[in-house]
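Input: a single structure, listed below in structure tokens.
The values are calculated or read from the model by the stated rules, or taken from the named source; none is laboratory data. Nothing here was measured: the structure is a model prediction, and the numbers come from that model. Please note: Cβ atoms are built from the backbone with ideal geometry, for glycine as well, and neighbour counts cover all protein chains shown. Side chains included, ligands, DNA and RNA excluded: accessible areas come from the protein's heavy atoms. Shrake-Rupley method; radii C 1.70, N 1.55, O 1.52, S 1.80 Å.
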Amino acid sequence: MASSLFFIFFLTSLSHFLPLSVLSATVVEDLANLTPPPDFTNTITQNCIHNPLLRYCNNTSSSPMDIVEIFRSTIVASHLCNESKNPNCVESFPKIRIHSRPKTAALYLSFDFFWKYCPLTVVEIDLVNNSLKSEFPTNVLSCAQIRTLDLSYNQFSGFVPVQNLSGLTNLTHLNLSYNRFSEDKISDSSEFFKRFNASSFIHSGVLPDVKRYKMKVLVLLIVFPITVLLLCFCLGWMCLKRPDYLPRTCRRSHKFTSAMIDAATDEFSDQKLVSKSNGVDIYRGTLRDGTEAKIEVYTEKVSKEERREFAEECEAVFKLRHKNLVRVLGWCNSRSLRALVTEWTNGENLETWLNSSLASSWRRRLRVVMGVVEGMFYITEQWPEVTLGLSTSSVLLSDNNQEPLISQFKVGDGNNPSTTNIFNFGLFLLEMITNLRPDEAQEDSDRRYLEYIRVHYPDNLERVIDEKMKVDERTLEKVKQGITLGLMCTDKPPLKQPSLMQIYDLVVSLYESSSRHH
């Protein structure tokens, strides 16, 4: 009763000192223009004598500025009471109610001095649907006597001051619904939430949203395990099928799967096919990292034991390093596919080189032949089970120093590699001298090719020697010796074949004798 009498007296005294006609239409103008009346301090003193519990009673002696704040708070109270549409502001100011007026609500919330001296008659604060964007307005909690606080349908954020709200003992109705508060730091305040029902916190962010909670449970119990399974499946697929998608540290770079070979050759497209021969298809492929590679696909069906031997031989070939061998990048040895992957060299092959001016010298041709023999020696010493594909179309020239590069290997052939390699060298040597080669489109092309040369051997060899090669009388005999060596290498039975050492000695002798003629 004392607080009500104080407020009535407070407003009537304000009207007494300042007639109502003086009051402006806006609170901002009144705060700027009005000043406390001369005996305002006495009025405050008398009020504190009658009711020492009034909020400003303990502040009157602190500084003269407090009197100004108290006076300004009465101006705000007068306007806010009318803004809240209380029926008789001269007699009572029970409710602060501002709905759907964002600017007005924000303005009155900014008057901290008013909330500091909040009238004791106010029992309800209702600031609904004002789109207010800030943290929780803690200044309204200075009205500690309130019974109702409704801040719903705004955009308040941050943490709710649960401890301060718990101190409002008269608060029976709280509504924080439809805001953006944070839910952490309040989950343990169970006693506070027992005072109010769930409708006080609908979509407020204060309590976990039921639908969102169910969604989290759904994700945790269903989606997450499925995601893990899919990731495991994808990882397993990459490990088994496409390890080239894994980081280099997590895979063996020399092991290729059939899926990797399939991708590198665009599913063995004709555009990637370089050549086809007996049991071997050669493709120009592109690995996932952009590396150009030559891929030799072996089409013959082999047994499980032969596949095991193929893998062992590939392991050995992978370690081979010689200036006259292309570098082996890896291999594939699956049930459905066997392939050897080597580096792709952009240098021209000898078939093209023989038609250039650089090949007109007998000595230069012998230098290339010597490089091939040195590569054969290295292969024989390191892994004699490897069969070499020797022809002017398969032997390349390096870009920098024109060194011959043996680019075709065949592992797990099953035949006698040493005999086959010497036979292939004999054909290669004859191709280097004649610039002719077997017609692979014909059946038994190697036999037909050799018969053609033997027909002119030894008396008419001038007819088979490459006319682009400059041969005088002094070197003609050496060229004939080279043809003789080539025919010896292709003789059958193999017992008549020269050894690799004999071949090397004769080629070196021919090369050294050619230097004396220049």
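Regarding the stretch 260-269, can at least one residue be identified that is of a type outside the set (A, V, I, L, M, F, W, C), assigned to a strand (DSSP E or B) and either modelled with pLDDT of 90 or more or within 30 Å of E440 (Cα to Cα) (or both)? Outline the logic, then answer.
The first filter runs over the stretch 260-269 and keeps only residues of a type outside the set (A, V, I, L, M, F, W, C), leaving 262, 265-267, 269.
In the following step, the residues that additionally are assigned to a strand (DSSP E or B) were identified as none.
No.
Find the helices (runs of 4 or more DSSP H) located wholly in the stretch 110-202 whose residues include 2 or more that are surrounded by fewer than 14 Cβ atoms within 10 Å (Cβ to Cβ) and in contact with a Gly (Cβ under 6 Å, 6 or more places away or on another chain), and list them. Write out each step before concluding.
On the way: elements: 112-116, 162-166, 190-194.
By residue number, no helices (runs of 4 or more DSSP H) qualify.
Looking only at residues that are of a type outside the set (S, T, N, Q) and modelled with pLDDT under 75 in the stretch 245-255, which one is surrounded by the fewest Cβ atoms within 10 Å (Cβ to Cβ)?
P247
Touching a helix residue (DSSP H, G or I) at 6+ places or on another chain (Cβ under 9 Å) and at pLDDT 95 or above: does that describe L396?
Working: touching a helix residue (DSSP H, G or I) at 6+ places or on another chain (Cβ under 9 Å): yes; at pLDDT 95 or above: no.
Criteria not met by L396.
Out of L487, L495, which single residue is aliphatic (A, V, I, L, M) and open to solvent by less than 70 Å² (accessible area, probe 1.4 Å)?
On the way: L495 fails: open to solvent by less than 70 Å² (accessible area, probe 1.4 Å).
Within the list L487, L495, the selection yields L487.
Of the residues K410, K468, which single one is open to solvent by 20 Å² or more (accessible area, probe 1.4 Å) and in contact with a strand residue (DSSP E or B) (Cβ under 6 Å, 6 or more places away or on another chain)?
Details: K468 fails: in contact with a strand residue (DSSP E or B) (Cβ under 6 Å, 6 or more places away or on another chain).
When all the criteria are applied, what remains is K410.
Taking the stretch 465-501 as the region of interest, how many residues are hydrophobic (A, V, I, L, M, F, W, C), touching a helix residue (DSSP H, G or I) at 6+ places or on another chain (Cβ under 9 Å) and free of Cβ contacts under 8 Å to residues at least 60 places away in the same chain?
First, pick out the residues of the stretch 465-501 that are hydrophobic (A, V, I, L, M, F, W, C): 465, 469, 471, 476, 479, 483, 485, 487-489, 495, 500-501.
If we keep only those that are touching a helix residue (DSSP H, G or I) at 6+ places or on another chain (Cβ under 9 Å) as well, we get 465, 469, 471, 476, 479, 483, 485, 487-489, 500-501.
Going one step further and asking which of them are free of Cβ contacts under 8 Å to residues at least 60 places away in the same chain, we end up with 465, 476, 483, 485, 501.
Here the count works out to 5.
Answer yes or no: is there a residue in the stretch 480-497 that is hydroxyl-bearing (S, T, Y), out of contact with any strand residue (DSSP E or B) (no Cβ under 7 Å at 6 or more places or on another chain) and at pLDDT below 90.
Here is the first cut: in the stretch 480-497, the ones hydroxyl-bearing (S, T, Y) are 484, 490.
Those still in the list that are out of contact with any strand residue (DSSP E or B) (no Cβ under 7 Å at 6 or more places or on another chain) too: 484, 490.
Those still in the list that are at pLDDT below 90 too: none.
Looking through the stretch 480-497, none of the residues is hydroxyl-bearing (S, T, Y), out of contact with any strand residue (DSSP E or B) (no Cβ under 7 Å at 6 or more places or on another chain) and at pLDDT below 90.
Given the options T148, T121, name the one that is within 20 Å of Y108 (Cβ to Cβ), touching a residue at least 60 places away in the same chain (Cβ under 8 Å) and not hydrophobic (A, V, I, L, M, F, W, C). Give the steps one after another, and end with the answer.
Working: T148 fails: touching a residue at least 60 places away in the same chain (Cβ under 8 Å).
Just a single option satisfies the conditions, and that option is T121.
Quick test for you: out of N51, N59, pick the one residue that is in contact with a helix residue (DSSP H, G or I) (Cβ under 6 Å, 6 or more places away or on another chain), more than 28 Å from R195 (Cα to Cα), at pLDDT below 90 and open to solvent by 40 Å² or more (accessible area, probe 1.4 Å). Show your work before the answer.
Working: N51 fails: open to solvent by 40 Å² or more (accessible area, probe 1.4 Å).
None of the other options fit; the residue is N59.
Take the residues in the stretch 203-229 that are aliphatic (A, V, I, L, M) and open to solvent by 100 Å² or more (accessible area, probe 1.4 Å); name whichever of them is modelled with the lowest pLDDT.
Our first condition is that a residue be aliphatic (A, V, I, L, M); within the stretch 203-229, this holds for 206-207, 210, 215, 217-223, 226, 228-229.
If we keep only those that are open to solvent by 100 Å² or more (accessible area, probe 1.4 Å) too, we end up with 215, 220-221, 229.
Values: M215: 70, L220: 75, L221: 78, L229: 87.
Per the stated criteria, the residue is M215.
Looking at the stretch 90-109, which of the residues that are part of a loop (DSSP other than H, G, I, E, B) and of a type in the set (S, T, Y) is most open to solvent (accessible area, probe 1.4 Å)?
Here is the first cut: in the stretch 90-109, the residues part of a loop (DSSP other than H, G, I, E, B) are 90-94, 98-101.
Checking which are of a type in the set (S, T, Y) leaves us with 92, 100.
On the way: S92: 46, S100: 71 Å².
Filtering the stretch 90-109 for residues that are part of a loop (DSSP other than H, G, I, E, B) and of a type in the set (S, T, Y), the one most open to solvent (accessible area, probe 1.4 Å) comes out as S100.
Of the residues that make up the stretch 451-464, is at least one basic (K, R), open to solvent by 30 Å² or more (accessible area, probe 1.4 Å) and in contact with a helix residue (DSSP H, G or I) (Cβ under 8 Å, 6 or more places away or on another chain)? Steps first, answer last, please.
Going residue by residue through the stretch 451-464, those that are basic (K, R) are 454, 463.
From what's left, open to solvent by 30 Å² or more (accessible area, probe 1.4 Å): 454, 463.
Of the ones still in play, those that are also in contact with a helix residue (DSSP H, G or I) (Cβ under 8 Å, 6 or more places away or on another chain) are 454.
Yes, the conditions are met somewhere in the stretch 451-464.
Closer than 24 Å to D112 by Cβ and either at pLDDT below 85 or surrounded by 12 or more Cβ atoms within 10 Å (Cβ to Cβ) (or both): does that describe T41? I'd like the intermediate steps shown before the answer.
Values: closer than 24 Å to D112 by Cβ: yes; either at pLDDT below 85 or surrounded by 12 or more Cβ atoms within 10 Å (Cβ to Cβ) (or both): yes.
For T41, the condition - closer than 24 Å to D112 by Cβ and either at pLDDT below 85 or surrounded by 12 or more Cβ atoms within 10 Å (Cβ to Cβ) (or both) - is met.
Given (1) touching a residue at least 24 places away in the same chain (Cβ under 8 Å); (2) under 18 Å from S360 (Cα atoms), identify the lone condition not met by L450.
Single failed check for L450: (2).
When the residues of the stretch 421-443 are narrowed to those that are touching a Pro at 6+ places or on another chain (Cβ under 9 Å) and either open to solvent by 40 Å² or more (accessible area, probe 1.4 Å) or of a type in the set (A, V, I, L, M) (or both), which ends up nearest to T392 (Cα to Cα)?
Only one residue tops the list, namely L427.
Out of the stretch 275-296, which residues are buried (at least 16 other Cβ atoms within 10 Å of the Cβ) and in a loop (DSSP other than H, G, I, E, B)?
Once the filter is applied, which keeps residues that are buried (at least 16 other Cβ atoms within 10 Å of the Cβ) and in a loop (DSSP other than H, G, I, E, B), the stretch 275-296 yields only L287.
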